[in-house]
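Asker: Input: one structure, supplied below.
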Amino acid sequence: MTSPYPTTGDAEGRTADARDLGGDAEGRTADARDLATLARRVSAAREEAEARGETFYPGASRIHLASFPPKERWDDWIELDSRAWPERRENRSMLVPTTCFNCESACGLLAYVDLDSLEVRKLEGNPEHPGSRGRNCAKGPATLNQVTDPDRILYPLKRAGRRGEGKWVRVSWDEALDDIAGRIRKALDENRHNEIVCHLGRPGEDGYTERVLASWGVDGHNSHTNVCSSGGRAGWQYWTGIDRPSADFANAKVIYLISSHLETGHYFNPHAQRITEARARGAKLVVLDTRLSNTATHADYWLSPRPGSEGAINLAIANHLIQTRRYDAAFVRRWWNWEEYMAAVHPGRERTFEAFEEVLSGLYREHTFEQAAAESGVDAAVIAEVAEVVAGAGERLATHIWRSAAAGNLGGWQVSRTVLLLNALLGAVATRGGTFPNAWNKFVPRPIHMPPHPEVWNDLNWPGEYPLSMNEMSFLLPHLLADGRGRLDTYFTRVYNPVWTNPDGFSWIEMLMDEQKVGCHVALTPTWSETAFFADYVLPMGHSPERHDLTSYEQYDGQWIAFRQPVRRTAMERLGHQVTDTRETNPGEVWEENEWWIELSWRIDPDGTRSIRRWHESVENPGTKLTVGEYYRYIFDNSVPGLPERAAAEGMEPVEFMRRYGAFEISNEVGRRHEEQVHPSELHEVSIGEFGRVFTRAPAAPSPNIVPTGEPEPDGEGRRSVGVMVDGQVLRGFPTPSGKLEFYSSTLAAWGWEELAVPGYSRSHVHPSELDPDEMVLISTFRLPTQIHTRSANSKWLDELAHTNPVWIHPEDAEQRGIGPKDLVRVTTAIGYFVARVWITEGIRPGVVACSHHMGRWKIHDHGQRQMMRPVALDTEEGSWHMRPAGEVSGYQSEDADTSRIWWSDVGVHQNLTFPVHPDPVSGMHCWHQAVRVSPAQPGDRHGEVWVDTKKSRELYRSWLEMTRPAWQVSPDGTRRPRWLMRPLKPTREAYRLPAPSEDGSE
Amino acid sequence: MVAQPRSRAELLRVLAACCEEPGHEEPGHEDDGPSGIAALGELVGLTGSPDRATHTELFVLELPPHASIYLSHDGMLGGKAAASVGGFWRALGIPVPREPDHLSALLALYASLLEAEDRQAEVARRDALGRARATLLFEHLLSWLPLYLPVVARRAGGFYASWASLLEEVITAEADELFCAPAGHPAALGTTARGLLPEGLRGPPDPPTPEEGGRQFVSALLTPVRSGMLLTRTDLAGLARQIGAGLRMGERRFMLENLLDQYPAEVICWIREQAGSFETLHASRLPVLGYLVAAWRDRAAATGSVLEATARRLIAAEEA
């Protein structure tokens, strides 16, 4: 049969302007007019619907990627009850947004609050959240487990017997508040400000607790950061004056991770989804991880270096970029402080960029692929291939390191500094697909009150041996107290569990048990913890759907805020109920921190004479107590650009908008802030430093965004730094002393570490040359993707997924030591040992063992969580501590039927107890990696058993202390610390001055 | 007059939404007025209202709206044909959705490209987006919708029949805009300039033949790209009633195999008639979509010829 119409091959000879399909084009356009009308009608209808704040297209996932309840239905959302099937029973809920608190990402959650019972039925993703975009990991929905946890703490408790004995009585909030406030008032009145310390785990709201402590006039903020991310931060701070990376993963061409960022970490879910998008577009993923993490399994290049050698690989890549001249010379010339470097280190040479390039070319010449291979054990050809991939990324290189190698090794902060060297060479700083300083992708709105920073310096948090430490030396507290450097009158542990999380936990127990050292220990916690067992007060604080916080985190090149709120309270208020404080809507007498701090501050200063109360007073009704409602109303009305207008467009007040949608995006595509020209109005009587730093007498306009950054010092005549001169223009630059990217850190050089002033590689404390032949390296820092430190102890959905932490060991190492599959082993550290089960796997390199720190929860009394906390017997004698399992977890009856279905008994081992403190002498980071001996368990050893000698841990503390270069020896200006460096609380200039050596107690 | 690209995109999204399950997006609200999809349908003048049972019958059981079924050489969901659509999403740098070849996803993608093209100020990028849109329309929509939509219209009635007709009209208008563009217009496409067919329809007709062997033959009859026609479970049930054969319910191939075992000549004659109907149907659309439907018509015609000969042989054998 022959077709009258052309088919394949029949169109030969057609001209380019006859591209129709062979039909009748004329006849076909007759209907177009009707379609045009129809299309316009649809457009108009959509615009109308969206102007009303409604969703136009129904939630079909294929139309707009994901399916969420349309937001105009959030007040009364109906779902069929799946358990009632086949009956069609309807559940009616109010959908109230909050943010997750189970890691630092603050992903958006939507709480389904049952309209009949006002209980939270479930938690799902909030599509209005710009960071997480409606997606969550398992930890988000599992928040429900924490809310309904049958073992949670519901009422304030006070110790009844000896500290740690496990006897408690229920007390009223009034009793607890009056007692604690009285202690603090007395300490302040007696000028014992440094005896008040608050030790924070996960921060809830940027700066909130710091401001409370500032309002009391104490330098008592102590964070967990030095056991977490100080190493990663320090490398960033010395380069940029800002302490975190914000990689634009979604637009990257090459993603270079020294982390397991696709499965855990900050900010795992928002970042992982963007890394996944980039990979779908063809981006290459390079992962450096000694262990085959879930992230490494997705990598195009997985490099498994010897722990601590990551910096050598970074430098070999940097050297390749330099030797092949693949770096962005124009960017380096404009933005590195090379002139300052040449003047300081090569004063005899001409101060030209060409001369610098010559020096640079020689500086890293020895860091060849072969040298990196010898250090790392990774094949030189693989490193060379990765170097080429990195070179090809140009400005679209997104790098990230947070804990990992930076948290594991002596000098780990240099790993972070050498990662950023790659970005700085390629000009991939604050570019599309590059890596930004986090402060540009973060917005911390100015609050209603900003109390001044304290007039005192707390040497227990900021000891003089560590003048450059990134954060407080929190994990040294037991040793500093044992040194006799002070005592604590009132010590808060707030959502923090140092006994379990920190290294050397038995020294923490010794400290907490000693009432001479710690007068009163107040544990503010939503759940039982190993630390709370040694408290005088245990005060229940809310989980994420039970508290207020305002958060903003760098998750892409944009700025947003998200609102954590007590969802039942919001739902009840929307339904017309009057709520005075959050305790009325939380389970039991669980409170929220913000209200608690306001209440406590009022009781410390009941008549306002101590100038504390005024920082917690209402502005709308002077003389009365500030409410959380007013606190946030003020912020949303005054400090969030664009929010009032956006809310008004939907006919709402800003606070109503935030309560309804939970998040607001302030800006998108922030771009290269450092290239912004300084406005002429800011340039008044300027002075220009030798290397181009520009100072002005014009006062700084108050910014609504108070995100923390470095604060470069004024010039000698008091002008503030405002920008930096680059090619004849005054540009905003970076918040460093030079205003540029500090390839050469004059700060490190001036404070005694001249040999480390440029990015470099120094050998870790677990370098092969430091190990005995039978020693291995233990990696203890990695997380299990679905666990949450302390708070997942009773998150049953998560516990079922992961509940133990075997020791990863390579088959060759296992065979050499006569260790078989699932055998028990004894892992011996410098101060003790732990007994664990092995997992023999090729997912770890030979010579290295690994054990996740998430597990091994324990309790010494009946109370505590029952799903993941193993009962133990704890014996001690003159510094020798022995922990032995005294039972197993098993199913139990409770109001939650699932608790009878616990099928696991192995909850792992608490390895951190056996780690001595390893403070990095520069960054102050605890260097987690351990040199260990692994041997088959000995007769009588039991899984989970731990033995430690805290006398040895004292010796180790002292030996690491010897590596420091204390401020009283190296300070160039008689101060305790470079004032421009970040510090959560920044005491007055007078307090920064070093005391006379004898007063310091350190010489 | 042609509407602005953004409005056309809206219309396409509405039509994409209309083949999603109605009411699913807001259970419990069936009683407070029309569902979201019903409201959209009303807005664009569709008759009747969508209901979940009809939707399930049509789009889940009878005529799943996935390109792979109608363009693959095994007539199955997924496989190479779906992967090829997935590759297209990937090439555009867009995350591949779970069902990249679902009609709703394809229409939404087309709408997004239309908007992106309209927003793009840079000429080269705008041209690239125009080419991508034209490729999507030509390769992944026009390649199978001329077969699919008329069958939906005929089978469904009411809301979905009017949806299928409107969609056909809208798709045709988009084809006009792209392929009847004057010379030099960036949207005027290279692929059609050489008269090439979409990848799935290239090559001469390869009609099912009994020589392939029983199962393969039956499969080929039920594979649109081989037979040029689309037989549903309802069609086969109707056939069984018509010839008084016992119907064994199951997947289509199982049903047809059983019918052929019972009454081979009658069944082949009936399929021959169906091929003829499809040939007529495709021919009636030739003035609109030209050689694209000619490819379908030729396939139906080739199948008709093979079956004609087969039927004659069977009848002769029976008579003998």
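The values are calculated or read from the model by the stated rules, or taken from the named source; none is laboratory data. In this text, all values refer to a predicted model and were calculated from it rather than measured experimentally. No Cβ is skipped: glycine too gets one built from the backbone with ideal geometry, and neighbour counts run over all protein chains shown.
Asker: Taking the conditions exactly as written (in contact with a Phe, Trp or Tyr (Cβ under 8 Å, 6 or more places away or on another chain), more than 10 Å from chain A (Cβ to nearest Cβ) and not acidic (Asp, Glu)), does B:Trp270 satisfy them or not?
Answerer: Taking the combined requirement at face value, the residue does not satisfy it.
Asker: Considering only residues that are without any contact (Cβ under 8 Å) to a residue 60 or more places away in the chain and either touching a helix residue (DSSP H, G or I) at 6+ places or on another chain (Cβ under 7 Å) or crowded, with 19+ Cβ neighbours inside 10 Å (or both), which ones fall in segment A:294-322?
Answerer: Across segment A:294-322, the qualifying residues are A:Thr295, A:Ala296, A:Ala299, A:Trp302, A:Asn319.
Asker: Is it fair to say A:Val722 is assigned by TED's automatic domain parsing to the domain that holds A:Asp813 and either of a type in the set (Asp, Glu) or surrounded by 22 or more Cβ atoms within 10 Å (Cβ to Cβ) (or both)?
Answerer: Answer is no for this residue.
Asker: May I pose another question? From the list A:Pro699, A:Pro680, A:Pro708, A:Pro704, which one is under 35 Å from the mean Cα position of the chain (by Cα) and farther than 24 Å from A:Pro437 by Cα?
Answerer: Among A:Pro699, A:Pro680, A:Pro708, A:Pro704, only A:Pro699 is under 35 Å from the mean Cα position of the chain (by Cα) and farther than 24 Å from A:Pro437 by Cα.
Asker: Test B:Arg126 against the stated conditions and say whether it is modelled with pLDDT of 90 or more, basic (Lys, Arg) and more than 14 Å from the chain's Cα centre (by Cα).
Answerer: no
Matching residues to (1) modelled with pLDDT of 95 or more; (2) more than 18 Å from A:Tyr833 (Cα to Cα):
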{"residue": "A:Glu888", "(1), (2)": "no, yes"}
{"residue": "A:Tyr892", "(1), (2)": "no, yes"}
{"residue": "A:Val909", "(1), (2)": "yes, no"}
{"residue": "A:Pro916", "(1), (2)": "yes, no"}
{"residue": "A:Pro919", "(1), (2)": "yes, yes"}
{"residue": "A:Gly924", "(1), (2)": "yes, yes"}
{"residue": "A:Gln930", "(1), (2)": "yes, no"}
{"residue": "A:Arg942", "(1), (2)": "yes, no"}
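Asker: Additional query: Taking only segment A:210-231 into account, find how many residues are out of contact with any helix residue (DSSP H, G or I) (no Cβ under 7 Å at 6 or more places or on another chain) and within 21 Å of A:Pro445 (Cα to Cα).
Answerer: Residues meeting the conditions: 4.
Asker: Take the residues of segment A:546-596 that are among the aromatic types (Phe, Trp, Tyr) and over 23 Å from the mean Cα position of the chain (by Cα): which is farthest from A:Leu109 (Cα to Cα)?
Answerer: Going through the qualifying residues, I end up with A:Trp596.
Asker: Also, I was wondering about something else. List every residue pair whose Cβ atoms lie under 8 Å apart, where the two residues are 6 or more positions apart in sequence or sit on different chains, the first residue falls within segment A:75-103 and is free of Cβ contacts under 8 Å to residues at least 24 places away in the same chain, and the second residue, located anywhere, is among the aliphatic types (A, V, I, L, M).
Answerer: Every condition considered, the pairs that remain are A:Arg88/A:Leu80; A:Arg89/A:Leu80; A:Glu90/A:Ile78; A:Glu90/A:Leu80.
Asker: A further question on this structure: Pick from B:Ala300, B:Ala295: which is surrounded by 15 or more Cβ atoms within 10 Å (Cβ to Cβ), at pLDDT 95 or above and within 12 Å of chain A (Cβ to nearest Cβ)?
Answerer: B:Ala300
Asker: Let me ask something else about it. Working carefully through the options A:Gly723, A:Gly752, find the one that is in a loop (DSSP other than H, G, I, E, B) and not hydrophobic (A, V, I, L, M, F, W, C).
Answerer: Unique residue meeting the criteria: A:Gly752.
Asker: For segment A:586-630, which residues satisfy the criterion of being part of a helix (DSSP H, G or I), in contact with a strand residue (DSSP E or B) (Cβ under 9 Å, 6 or more places away or on another chain) and within 28 Å of A:Phe657 (Cα to Cα)?
Answerer: A:Glu593, A:Asn594, A:Trp596, A:Ile598, A:Glu599, A:His616, listed by residue number.
Asker: Residues that are buried (at least 18 other Cβ atoms within 10 Å of the Cβ), under 27 Å from the mean Cα position of the chain (by Cα), in a loop (DSSP other than H, G, I, E, B) and outside the structural domain of A:Pro735 (by TED's automatic domain parsing): does segment A:642-661 have at least one?
Answerer: Scanning segment A:642-661 turns up no residue that is buried (at least 18 other Cβ atoms within 10 Å of the Cβ), under 27 Å from the mean Cα position of the chain (by Cα), in a loop (DSSP other than H, G, I, E, B) and outside the structural domain of A:Pro735 (by TED's automatic domain parsing).
Asker: Might you let me know whether segment A:751-758 holds any residue that is surrounded by fewer than 17 Cβ atoms within 10 Å (Cβ to Cβ) and in contact with a strand residue (DSSP E or B) (Cβ under 6 Å, 6 or more places away or on another chain)?
Answerer: No, the conditions are met nowhere in segment A:751-758.
Asker: Can you tell me which of B:Leu178, B:Leu166, B:Leu196 is modelled with pLDDT of 80 or more, within 11 Å of chain A (Cβ to nearest Cβ) and touching a Ser or Thr at 6+ places or on another chain (Cβ under 9 Å)?
Answerer: Of the residues listed, the single one that is modelled with pLDDT of 80 or more, within 11 Å of chain A (Cβ to nearest Cβ) and touching a Ser or Thr at 6+ places or on another chain (Cβ under 9 Å) is B:Leu178.
Asker: Right, next: Run down A:Gly282, A:Gly217, A:Gly241 and say which single residue is farther than 23 Å from A:His129 by Cβ and surrounded by 24 or more Cβ atoms within 10 Å (Cβ to Cβ).
Answerer: From the options A:Gly282, A:Gly217, A:Gly241, the qualifying one is A:Gly241.
For every residue, the table says whether it meets (1) surrounded by fewer than 20 Cβ atoms within 10 Å (Cβ to Cβ); (2) within 22 Å of the chain's Cα centre (by Cα).
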| site | (1), (2) |
| --- | --- |
| A:Leu110 | no, no |
| A:Leu118 | yes, no |
| A:Pro141 | yes, yes |
| A:Leu144 | no, no |
| A:Val147 | no, no |
| A:Pro156 | no, no |
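Asker: Could you say which residue among A:Phe695, A:Phe664, A:Phe691 is in contact with a Phe, Trp or Tyr (Cβ under 9 Å, 6 or more places away or on another chain) and at pLDDT 95 or above?
Answerer: Unique residue meeting the criteria: A:Phe664.
Asker: Next up: Are there any helices (runs of 4 or more DSSP H) wholly within segment B:30-110 with 2 or more residues that are without any contact (Cβ under 8 Å) to a residue 12 or more places away in the chain, and if so which?
Answerer: Correct list: B:36-43, B:79-91.
Asker: Could you grab me the full set of residues in segment A:128-185 that are farther than 30 Å from A:Leu110 by Cβ, of a type in the set (Lys, Arg) and in contact (Cβ under 8 Å) with a residue 40 or more places away in the chain?
Answerer: Within segment A:128-185, A:Lys158, A:Arg159, A:Arg163, A:Arg183, A:Arg185 meet the criteria.
Asker: Against the definition (in contact with a Ser or Thr (Cβ under 7 Å, 6 or more places away or on another chain), more than 9 Å from every other protein chain (Cβ to nearest Cβ) and at pLDDT below 80), how does A:Glu72 come out, yes or no?
Answerer: The answer is yes for A:Glu72.
Asker: Against the condition farther than 20 Å from A:Ala523 by Cβ and either acidic (Asp, Glu) or not in a loop (DSSP other than H, G, I, E, B) (or both), how does A:Trp457 come out, does it pass?
Answerer: no
Asker: Which of the residues belonging to segment B:258-308 are in contact (Cβ under 8 Å) with a residue 12 or more places away in the chain, under 21 Å from B:Leu236 (Cβ atoms) and of a type in the set (D, E, K, R)?
Answerer: Correct list: B:Glu266, B:Arg272, B:Glu279, B:Arg299, B:Glu308.
Asker: Please go through segment B:281-320 and give me each residue that is more than 15 Å from B:Ile271 (Cα to Cα) and of a type in the set (Val, Ile, Thr), ordered by number.
Answerer: B:Val288, B:Val293, listed by residue number.
Asker: Output the number of the condition that B:Thr234 fails; it satisfies all remaining conditions of (1) within 14 Å of chain A (Cβ to nearest Cβ); (2) surrounded by fewer than 16 Cβ atoms within 10 Å (Cβ to Cβ); (3) touching an Asp or Glu at 6+ places or on another chain (Cβ under 9 Å).
Answerer: (1)
Asker: So, A:Ser959, is that one surrounded by fewer than 18 Cβ atoms within 10 Å (Cβ to Cβ) and over 28 Å from A:Phe475 (Cβ atoms) or not?
Answerer: When the stated conditions are applied, A:Ser959 does not pass them.
Asker: Keeping to segment A:936-961, report how many residues are over 30 Å from the mean Cα position of the chain (by Cα) and either free of Cβ contacts under 8 Å to residues at least 60 places away in the same chain or assigned to a loop (DSSP other than H, G, I, E, B) (or both).
Answerer: Number satisfying all stated conditions: 9.
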